[in-house]
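*Asks:* Here it is: the structure, laid out below.
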Amino acid sequence: MPKSSSTQAQARRDEIVDACAALYETMCFRDITLKEIGQRTSFTRTSIYNYFQSREEIFLALAQREYEAWAADLEALRAGHDSLDRAAFASALAHTLERRTRLLKLVAMNLYDMEDNARMENLVAFKKAYSAAVAALARCVEKFFPQLAGGGAWDFVYLFLPFMFGIYPYTSATDKQREAMRLAQVSYPALSVYELARSFIETLLPAVG
């Protein structure tokens, strides 16, 4: 493919993903259709099929982009400090998640549907981005906690990832959920992504040391 055509194709893919991201800010996954996405692009809705075969593939590309951005955040964290103690690292890592609320929402709410309804080549590209982010996290742990280099760092990673996938529901209850908990007399602590993540990370580090 000529360079100009490749650049145009990537620009159109980016425009489609940007449209999906904008809709996801105010709409839920099940209500966002290809028609809705197409109405926010500068080209015809049918042209979307030249780049994505399903709504789920668009969301998967959005999640891939979010993982790539998180990996860049983690690499910047690792490069930007010579050393960090447990509290400082917990705070810094929690801040990287605070900036990736969309990623937390995607992996908590819609990951299965995205992966199940995407072509293999798109799923592989997503998995590569995910793997790069996980490896970046392990490198951060190994740098700032050399006593965990090797197996200990990966122990942290494999305990942290399931927690990460569950952050969004605990920090983003809907009005309906809050009302149900009030009627059920269930306590709902109002914790932010940063507060929940920082506390967990700081608690987890001694456990794997």
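*Asks:* Excluding same-chain residues fewer than 8 positions from LYS35, which lysines have a Cα within less than 26 Å of its Cα?
*Replies:* LYS105
*Asks:* Would you mind pulling out the separation of the Cα centroids of the stretch 5-21 and the stretch 131-163, in Å?
*Replies:* About 33 Å separates the Cα centre of the stretch 5-21 from the one of the stretch 131-163.
*Asks:* In debye, nearest 20: dipole of the chain around its Cα centre with unit charges on the Cβ of K, R (+) and D, E (-)? The partial results should precede the final answer.
*Replies:* Working: 24 positive and 25 negative charges, 69 e Å.
In total the dipole reaches around 340 debye.
*Asks:* Let me ask something else. Using Cα positions and a limit of under 17 Å, work out the aspartates and glutamates in reach of LYS128, with same-chain residues fewer than 8 apart set aside.
*Replies:* GLU57, GLU66, GLU68, ASP73, GLU75, GLU115, ASP116
*Asks:* Rounded to the nearest 500, what is the chain's calculated 222 nm mean residue ellipticity when only DSSP H runs of at least 4 contribute -39500 (n - 2.57) each, over all residues? Spell out each step's value before the answer.
*Replies:* Working: 11 runs with 149 residues, N = 209.
Taken over the chain, the calculation gives -23000 deg cm²/dmol.
*Asks:* As I understand it, the value is the acute angle between the Cα axis of helix 3-24 and the longest principal axis of the Cα atoms of the chain; what does it come to in degrees, rounded to 10?
*Replies:* Orientation of helix 3-24: about 70 degrees from the principal axis.
*Asks:* How would you rank 134-140, 59-65, highest first, on the average number of other Cβ atoms within 10 Å across their residues?
*Replies:* On the way: 134-140: 19.6, 59-65: 23.0.
So the peptides 134-140, 59-65, ranked by packing, come out 59-65, 134-140.
Each reported figure results from applying straightforward, stated rules to the coordinates on display, with no laboratory input. What you see is a predicted model; the values in this text were computed from it and never measured. Counting neighbours? That spans all protein chains shown, and the Cβs are built from the backbone with ideal geometry, glycine included.
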